[in-house]
Every structure is written in C-alpha cells, then in structure tokens.
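J.: Here it is, the structure, as structure tokens.
The values are calculated or read from the model by the stated rules, or taken from the named source; none is laboratory data. All of these numbers come straight from a predicted model, not from anything done at the bench. Heads up, the Cβs are rebuilt from the backbone with ideal geometry, glycines too, and the neighbour counts pull from every protein chain shown.
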Amino acid sequence: MYGGTNGTLGYLAPLSEDRFRILGKLEMRLITAINHYAGLNPKAFRLSKPFNKMSHNHLRHVLDGELLWKYVLIKILSIVFNINGGL
C-alpha cells in the first residue's frame, strides 16, 4: 500500500507473468473501447512521473486496477439489464 502526493491511496500486488499478460491485453482493449473522463488516457495521467528520466520501464509493468474493474462492472450491468454485445 502506498500514499500519493495528492492524498490518494494505492496498492501494488504481484502477479504471475501469464496473468499479467492476459490482464495487460484486456487493459489495452479497454483503453480504446471505453470513454474516459475528460478524454484522458488512463496510462498517462495515473502514473507518477519519475524525478530522473533514466528509465520508463515502470510504465509498462503496472496495470490499472480501476480500469480493469470497469470490465467487471460492464459484465454485471449487461447481465442485470440483459444487454447483448458487451465487451
């Protein structure tokens, strides 16, 4: 668990490589399929900016849990409201 400079709380959890790849592919599909607040790219505005510009590898090794949770909500809403053709 960590705290952000703007008062947010976050949690980092380890994943196996197989699960990371599957969830990473789902995340990329959701980035293009879902309308985002103010048109912001979730990958770009949620991650912190490093003080040193030596490496940007940290950007590729973190999944956005809030974005992935929207997939679960879409499935639940499609079942509740009997909507066909969900993601």
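J.: Mind checking which residues of the stretch 1-21 are of a type in the set (G, A, S), exposed (fewer than 10 other Cβ atoms within 10 Å of the Cβ) and more than 14 Å from D64 (Cα to Cα)?
T.: Hits for the stretch 1-21 are G3, G7, S16.
J.: Run A13 past the list (1) modelled with pLDDT under 85; (2) assigned to a loop (DSSP other than H, G, I, E, B) and report the number of the one that doesn't hold.
T.: (1)
J.: Of K43, K25, K70, which residue is part of a helix (DSSP H, G or I), at pLDDT below 70 and of a type outside the set (G, A, S)?
T.: Details: K25 fails: at pLDDT below 70; K70 fails: at pLDDT below 70.
Every option except K43 fails the conditions.
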